[in-house]
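Only one structure is covered here, and it is reproduced in the block below.
The values are calculated or read from the model by the stated rules, or taken from the named source; none is laboratory data. Note that the structure is predicted; figures quoted are calculated from it, not measured. So basically every Cβ, Gly included, is an ideal-geometry build from the backbone, and we count neighbours across all protein chains shown. Calculation scope for accessible area: heavy atoms of the full protein, side chains included, ligands and nucleic acids excluded. Shrake-Rupley method; radii C 1.70, N 1.55, O 1.52, S 1.80 Å.
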Protein chains: 4
Amino acid sequence: MFTLPNYTTPDFSEPFFINAPSVRTMPAPMDGVVPENFYATTIFPEYFKIHNTWQLMRESRMDCVVVIKDDHPAAVEFRNVKKGDAVVVGRHEDGGNGVYVDHFAFNKKQNETDNFSFRTSNSRETAYSRDYDRLYELLEFERDHGYLLWVLGPAVTFDQDSRNAMTKLIENGYVDALFAGNALATHDLESHFFNTALGQDIYSKENKSMGHYHHIETINRARSCETLENLVETYKIEDGIVSACIKNKIPMVLAGSIRDDGPLPSVYADVYQAQDALRVHTRKATTVICLATQLHTIATGNMTPSYQVVDGIIRPVYFYTVDISEFVVNKLKDRGSLSSRSFITNIQDFVVNLQRRLATPKDGHFNK
Amino acid sequence: MFTLPNYTTPDFSEPFFINAPSVRTMPAPMDGVVPENFYATTIFPEYFKIHNTWQLMRESRMDCVVVIKDDHPAAVEFRNVKKGDAVVVGRHEDGGNGVYVDHFAFNKKQNETDNFSFRTSNSRETAYSRDYDRLYELLEFERDHGYLLWVLGPAVTFDQDSRNAMTKLIENGYVDALFAGNALATHDLESHFFNTALGQDIYSKENKSMGHYHHIETINRARSCETLENLVETYKIEDGIVSACIKNKIPMVLAGSIRDDGPLPSVYADVYQAQDALRVHTRKATTVICLATQLHTIATGNMTPSYQVVDGIIRPVYFYTVDISEFVVNKLKDRGSLSSRSFITNIQDFVVNLQRRLATPKDGHFNK
Amino acid sequence: MFTLPNYTTPDFSEPFFINAPSVRTMPAPMDGVVPENFYATTIFPEYFKIHNTWQLMRESRMDCVVVIKDDHPAAVEFRNVKKGDAVVVGRHEDGGNGVYVDHFAFNKKQNETDNFSFRTSNSRETAYSRDYDRLYELLEFERDHGYLLWVLGPAVTFDQDSRNAMTKLIENGYVDALFAGNALATHDLESHFFNTALGQDIYSKENKSMGHYHHIETINRARSCETLENLVETYKIEDGIVSACIKNKIPMVLAGSIRDDGPLPSVYADVYQAQDALRVHTRKATTVICLATQLHTIATGNMTPSYQVVDGIIRPVYFYTVDISEFVVNKLKDRGSLSSRSFITNIQDFVVNLQRRLATPKDGHFNK
Amino acid sequence: MFTLPNYTTPDFSEPFFINAPSVRTMPAPMDGVVPENFYATTIFPEYFKIHNTWQLMRESRMDCVVVIKDDHPAAVEFRNVKKGDAVVVGRHEDGGNGVYVDHFAFNKKQNETDNFSFRTSNSRETAYSRDYDRLYELLEFERDHGYLLWVLGPAVTFDQDSRNAMTKLIENGYVDALFAGNALATHDLESHFFNTALGQDIYSKENKSMGHYHHIETINRARSCETLENLVETYKIEDGIVSACIKNKIPMVLAGSIRDDGPLPSVYADVYQAQDALRVHTRKATTVICLATQLHTIATGNMTPSYQVVDGIIRPVYFYTVDISEFVVNKLKDRGSLSSRSFITNIQDFVVNLQRRLATPKDGHFNK
C-alpha cells in the first residue's frame, strides 16, 4: 500500500528565522520586464517572509520571478509580469534576506559510506521491477487522492495495443488531464478513420495505398466540424484517446508546434497561451507521467513544482519520464527537474504493462 | 568544382499529355477547409494542366493543397485556404487527370544488379569523407549562386569553437537565412554576457555560481531593450551568432516553443505565423543545413521543396541533416523528405570542420 | 494458430538446370586456406549440382566455403578447411556453374504500387502488437516442433522480474539451447548469492556495501567447484537461469570475451571453439531470439541459416533481435541477416511480457 | 604547454601507518582459486605494508587479487594465480590491516558550494573545445615522455580520411601500441586491396559488385601468407594502419571474438591470452585513447591503472573514450573506470581533427 512521505516544515520559531528581514521587492519597470536583481524560483519548497510571517509559496514552478500580491507570493513567468508588480529581489536562498529554499525536502538519507560502486546512472540496464511495483501502487493511490497529468508523444497511438491500453487507463480513472501536441490527436483520430498512423496500419504495419493522405484527410474532417467534440459526435467515434477524453470530460491541452500540419481545432497556435493552459493543470498535478516526447516533457518539467499542498498537507509531486533514449531522460535531469524518475524503454510496452497490471486482481507480483 | 545536375522536363508534346484533361477544382467550402477529394502535394516536381498548358508549380512544399489562382498553381497550407479558393481535386499523379508528378527528377540510376550488399543504411559507421568534400564545393557554389538556409539547434552555441565557427560562416557569406528557436538565440547571447550556456562555461565547462540565473538575466535584458537589434547596439555585442546575423543583415526566424523561458523579443509566439515566416525562406532556399534539432529540422523538411527554379533553370534543393542520432535522421526520411543527406556526428565537430576547410587555401584534400 | 509457410523447391527438371554443369572444385592448398576463386555461402537456400543431382545444402551458414565430401555439400569455415579438401570454386549463383542460390525463398509479395510511403524503417515508433501476437503463437509451435535457441546479454539478469521470467521460460520448455557470455552466467549466479548484479540489488537497486566484490566472489566459488553443475549442487541453487538450464538439461554455450573477469568454469577461452560449439545448435535452430547483446547476436546471425530441413520439410528459421538501440538492429541487417525481425525495446519488458502471456489462458488479445 | 599534476604520497611516518600491522596473506588453495576473504584491487593507488614498509603497487589493475612475491605486491588475475601463492586477505582499505587505498590521488577540489546546476552529465551537448585543446597538448607531451596505447574499433578504417589520418598519427609517433580486433585489421587490409570496407567503397560509398567477397578474400590471402608481416611484404602494402604499424614496429594486439570470420594470422583465439598480451602494454600505458569499440574499451579499462610510476614519479594515466553513444561512455564509468574522459562524437571527425591539428604550426586556437 502506498503512503506519502512526511514533510517536515522548517522550524520558523528559530531565532535565525525570527530575526530575518522580510523579503524586499521592487516594482517591475515595464510589462514583461523585471528589476535587474530579481530572485528566480527553484523546484524546491520556497518560503517568503512577508509581514513577519514565513509563507510557503503554493503552485510553484522554476525559473520564474516571485510577485507579492495580497501578501502572498506567486511564481510568475517573465512575460506575465505587469508593470509595477512587486517583484522579489535578492539572490540568497538561506533565509537571510527573507527567502528560504528547503533543499532537503523529502530527501531520503543516502548510504554513501562506500568509496566506490559500479553502477550509479540510470540506463537501459537498470532494474525496473521495483519501479513498476511502486508505480502501480502510486497510481491506485492517485486515482482516489491525487491529480494525474499525462504527457503523451504521438508514438502512444502508433500501435494498436498501446492505443487501446491508454484509452482504458483514461476510461478507468487514471487520467485527470492530458497534454500533447497536434500529432498525438491527429494520429489517434486517423486510427479511428483508417486504422493507420501516418498511413501505416497500427496492427499489421502495412503501408496503405494513398496512406499519406490519411492524416490530412483526418485534419480536414476535424476542421470542417470546427471542434473535436463535434467531430467525435458527428462521426460517432467510440475508440481511442481523444474520444475517451471527451466522453469522460478529461481536459486535453493540445499545443501547436512548427512541425504541424493542419492544425486540428482546439490546438493552441500560441505556445505561450499553451503554457498558460498547461499550467492550470501543473498547479494541481500530484503525479505526472510523460511518454516519449522530449519537447512536451521538458515543457512540463519546467512548470511542475516538486511539491503540492493537498488538504493542508505538503506532499511531493512524482514526475515520471518514459523514453527509449537515455539522452532525453538525462537532459531532463540537467534542466533541473531533480525529482524525476525514469523508465528507459519503449512506451508501447510501458503503457500496455501498466494497463494490464492495473486491471488485474491484486495478488502480489506477477512473476512470483 | 561543383556543377548542378541537369533536369529533363517531361515531354509534354506527347499525345498522352496533350490529350489529358485540365485539372479539376472545387471551391473551398469554408476558410481553412477543403473539398473531400482534395489533391495533396508531394516533394517532387509537380505539373498542373491549366487551360491546356502544363505548368510546373513553383515554390512547392509537401502535404498542402493546390489552389489555382490567376491561372497558376500554388501550394497552400490548409489553414491558409480561403472559402471559395479553387482547390485541385482528384488523386491520380500520372497526368491522367491533369496532375503529373515527376518522381524521376534528378534521380541517378542505381546499380542494382547484385542480390546482396552488406551495408545499405546510413549510420555512425558510414564513410563521410566524400560527403564533406562535396559539401565544401557545394557551399562555395551556393555562396555565389544559391540561397543558403541554416537551421540551428541550441547545441551549436554550447561550445566556444563551434559558436565561433558558426559566427565566421555567417560573416563570410555562407548563410542567407537562419531558422532557430528561442534557446539558440538566448544561449548565444548568454555566451556574450557570461561566457556560459545554461550556466556552464562554454570553454572550461565549469558550472558557474548562480549560473542558473544567466539565461533568464539575458532574456530580461533583451526584453528591456524591446528588440534584439537594440540589445546588440546597447550592449555593443560584437561576438556570436545573433550579432553576426544582425550586423550582416541575415534574416533570423525564431520560432517559439512550449519549452521556452522568456521569450526573447522577435520570437514568434504563434507557431503557424512562424511557419509562414519560415516559408518565405524555404520558397527561395537552394541548400538547407540542419544542425542538431529534430523539431526545427522536421518543420523545415515539411516545407522545403526538392527543387527550385533559379534563373529559369530547374535545379535540386540540397537538404542536409546533421545529428548524432540515427533515429532523428531516419525519422526525417520517414516523413517523406527523401532527398535529404545526412551526417551522423556531433555538430560541434561538423561546424568546426566546415569553417576550417572553407577558410583554407584550396589545395585538395587535407589528408592527402 | 501458427502455420509454416510453404517452400517451393526450384524445378530442377527444367532444361536449364539439366544442362548445367556440375560444380567445380579445387583442392585447398593448405590447412585453413582455400583456392583463390572460392565460392562463398549466403544466407539463402543453396543448391549444388553433384554427379548430375541438384542437392540442397543442409546446415548452412553465410561467409563460408563449400566443401564437397562424400558427394554432399557442407559449409565450412576457413579455419576448419583441411589441406586437400574439395572446395567449390566460381562465383555465379544462378545455376550456370552448378551453384544455384534461391533468393526468392519464403518471400512474400510486397505491395510496391505506391510511389511513396511515410514510414518504412523499423524504429522505436514501429507498432509491435502484431509482432508480439505472432511471436506468442510461434513460440507455442516451436516448443512442440522446433528448436529454440536463445542468445542472452547480461541485462536479462540485472532485474528481478526479467530474471524470474527468463527462468520460467526455460522451466516451461521454451528454450532448447542458450548462448551467452561469462557475464550473464556470473551475474545470474551473483543474484543467487547476493541478490545483486555488479553489486546492485536487482530489486531495490541499492548499491550494496562492498558490492564490487560480489561478482568476483561468485566467480571464485564457482572456480573452486570446478564445474557449474558442482556449484549448483554444492550451494543448492534453485533459482535463476543457470540453475534452470542445468536442472532441465538445456545446453549452455558460454563464450569468453576480453572483458571477462574470471572466467567461470565451462566458459570457452578460445572464441573459435566457442563458434564451433554454438554451431552445433545453429545447425538445428528453427527460431533464434537474441536479447540485448550486440556481440553475441551478430556472432549468432553469422552462423544461422535462413532455413532448415525438418522431417523432410524445408522451413524458414525465425531470427528475432530485441534491443533498445536501432543501431544494433540495423547493423545486423547490414551484416546480411536479412530474415531477422526486431523489437526495439528494453528486454526486461520484452521477456516479462512474453512469459506472462505464455502463462495466460488463451482467450485472445489481452487488450480487447 | 602540458604539465603533469603533482602526486602527494601519503605520510607513512604518521603513527597510524607506523602502528598498522603488515598485510595478511593466505595461500591459494588451488590453481586459479583464491582464499575466501581475498582482497581485490581498485583503480586507485594502493599501498601494502610488507615487512613494516609501505609499498606502492606498480602496474596495477582493478578486480584482481594481490599476490606478495619477493616482498612486492602484484595484481594477479584469478586465472593466473597458482596454488600456494601468498594472496592478500581482508577487505579494509584504510590502512588498518596493512592495505591503504589512496582515493584522493590527483583529485582536484570540486566547487560544490551551489545547491544546483543545470548541466552535470557528459553528453552530445557538452562543450569539447577545451578537451580538444588539452588533448593536443597531452599528445605532444606523451609522444616524447609517455606510452600511448590506442584501442580501435573497425569504424576507424571505414572512411578514407579517417583511415589516412590514423595512419599518419602512427607514422608521426603518436602511437606506441595498438589494440583492436580481427575486423579492424581485416577491413584496413580490405581497403588496400579493394578500397572498400565490407564491400562498400570507403570514399564513394558505392557498394561494389561481389563486394561481400572482399573481406574473406583479404583474409584468405593473409592466411596463405601465414603472417601479416609476410602479407605486407608480399603485396607491397604501403597504405593503412596495419602497414604503418608493421613498418614502424608498433606492436599490435589483435583479439579474436565470436563474431570473426577467418581469422587473420596473429589474431589471438584465446581471449585470456589476448588479455595477457594487452596487459603487457597497459602496464606501461600513460595515455589510452579508445575509439568506437565498446568491447575493447571496457576490456582495456578493466586492466588499465589510474596511475603509473615513470622515472620514479607517480603520475596519472589519461584514459579517453570516443564514441557516438552516451550509453557506451557511461557504461565505462559504471564499470569503475572513474578517471576516463570522453568525447561524444563520430570517431571519423575526431581522428581527422586530431591529425590535422597535430600537423599544423602551433599558433594557438584554430578559431581565434
- Query: How about residue B:69: which aspartates and glutamates have a C-alpha closer than 13 Å to its C-alpha, ignoring those fewer than 8 places off in the same chain?
  - Reply: B:85
- Item | Angle in degrees between helix A:182-194 and the longest Cα principal axis of chain A, rounded to the nearest 10 | 20 degrees
- Message: If I take the Cα coordinates of the range D:15-101 and project them onto the principal axes, what are the three extents in Å, biggest first?
- Response: 38, 22, 22
- Note on the structure: Residue by residue through the range A:150-162, the couplings from Karplus 6.51 cos²θ - 1.76 cosθ + 1.60 with θ = phi - 60°, in Hz, x for Gly and Pro, are 10, 10, 10, x, x, 4, 4, 9, 7, 10, 4, 5, 6
- Could you tell me how many degrees, from 0 to 90 and to the nearest 10, lie between the Cα long axis of helix C:129-145 and the main elongation axis, the longest principal axis, of the Cα atoms of chain C? 80 degrees
- Most mobile of A:204, A:162, A:243 per a Gaussian network model of chain A (Cα springs, under 10 Å)? A:204
- Output ³J(HN,Hα) for the range A:278-290: one whole-Hz value per residue in order, computed from phi by the Karplus curve 6.51 cos²θ - 1.76 cosθ + 1.60 with θ = phi - 60°, and x for Gly and Pro. 5, 5, 3, 8, 5, 5, 10, 4, 10, 9, 10, 10, 10
- Task: Specify the angular offset, from 0 to 90 degrees and rounded to the nearest 10, of the alpha carbon long axis of helix C:347-358 from the longest principal axis of the alpha carbons in chain C.
- Result: 80 degrees
- Calculate one ³J(HN,Hα) per residue across the range A:214-220 by plugging θ = phi - 60° into the Karplus curve 6.51 cos²θ - 1.76 cosθ + 1.60, and present them in order as whole Hz with x for glycine and proline. 4, 6, 7, 5, 4, 4, 5
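With r defined as the distance between the Cβ atoms of residue D:94 and residue D:230 and R0 fixed at 35 Å, what FRET efficiency is calculated, to the nearest 0.05?
According to the calculation, E is roughly 0.05.
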- Query: Given a Förster radius of 41 Å and the C-beta distance between residue B:204 and residue A:247 as r, what FRET efficiency does 1/(1 + (r/R0)^6) yield to the nearest 0.05?
  - Reply: 0.15
- Item | residue B:319 long-range amide H proximity, modeled H, under 5 Å | B:288, B:341
- Note on the structure: The correct pairing of chain D residue and whole-Å distance, for the Cβ nearest the axis that maps D onto B, is D:349, 2
- Starting from the amide H of residue D:179, placed 1.01 Å from N in the peptide plane, find each other amide H under 5 Å away whose residue is 5 or more places distant or on another chain. D:150, D:151, D:152, D:253
- Fraction of antiparallel bridges per DSSP, chain A only, in percent to nearest 5: 55 percent
- Query: Expressed as a rounded percentage, what relative contact order does the range A:15-101 have, with Cα pairs under 8 Å and six or more residues apart?
  - Reply: 41 percent
- Query: Most fluctuating residue of B:176, B:311, B:102 in a GNM of chain B with Cα springs under 10 Å: which is it?
  - Reply: B:311
- Task: Could you work out, residue by residue across C:199-212, how many beta carbons of other chains sit within 10 Å of that residue's beta carbon, and then give the average as an integer?
- Result: 5
- Given labels modelled 7 Å from the Cα in the Cβ direction, how far is it in nm from residue A:31 to residue A:238? 5.0 nm
- Note on the structure: One decimal, nm, nearest first: from residue C:9 to the same residue in each other copy, label points 7 Å out along Cα→Cβ, the values are 6.0, 8.1, 8.7
- 7 Å along Cα→Cβ, label-point gaps from residue B:31 to other copies, nm, shortest first: 2.3, 8.7, 8.9
- Query: Cα-based Rg (one decimal) and Dmax (whole number) for chain B, in Å?
  - Reply: 22.6, 75
- Item | Label point distance in nm, residue D:341-residue C:71, each placed 7 Å from Cα along Cα→Cβ | 6.9 nm
- Peptide B:324-331: average number of partner chain Cβ atoms within 10 Å per residue? 6
- Looking at the square roots a ≥ b ≥ c of the eigenvalues of the Cα gyration tensor of the protein assembly as shown, which shape do they give, rounded for a/c under 1.5, prolate if a/b is larger than b/c, or oblate? rounded
- Relative to the other copies, what are the label-point distances for residue D:227, with labels 7 Å from Cα along the C-beta vector, expressed in nm at one decimal and sorted shortest first? 4.2, 7.6, 8.6
- Please report, in debye to the nearest 20, how large the charge dipole of the protein assembly as shown is about its Cα centre when each Lys and Arg carries +1 at its beta carbon and each Asp and Glu carries -1 there. 0 debye
- Probe 1.4 Å, all protein chains in place: accessible area of residue C:171 in Å², nearest 10? 90 Å²
- Message: If I build a Gaussian network model for chain D, linking alpha-carbon pairs within less than 10 angstrom, which residue out of D:48, D:343, D:12 has the largest mean-square fluctuation?
- Response: D:12
- Put +1 on the Cβ of each Lys and Arg and -1 on the Cβ of each Asp and Glu in chain A; which of A:192, A:237, A:178 then has its Cα farthest toward the positive end of the dipole? A:178
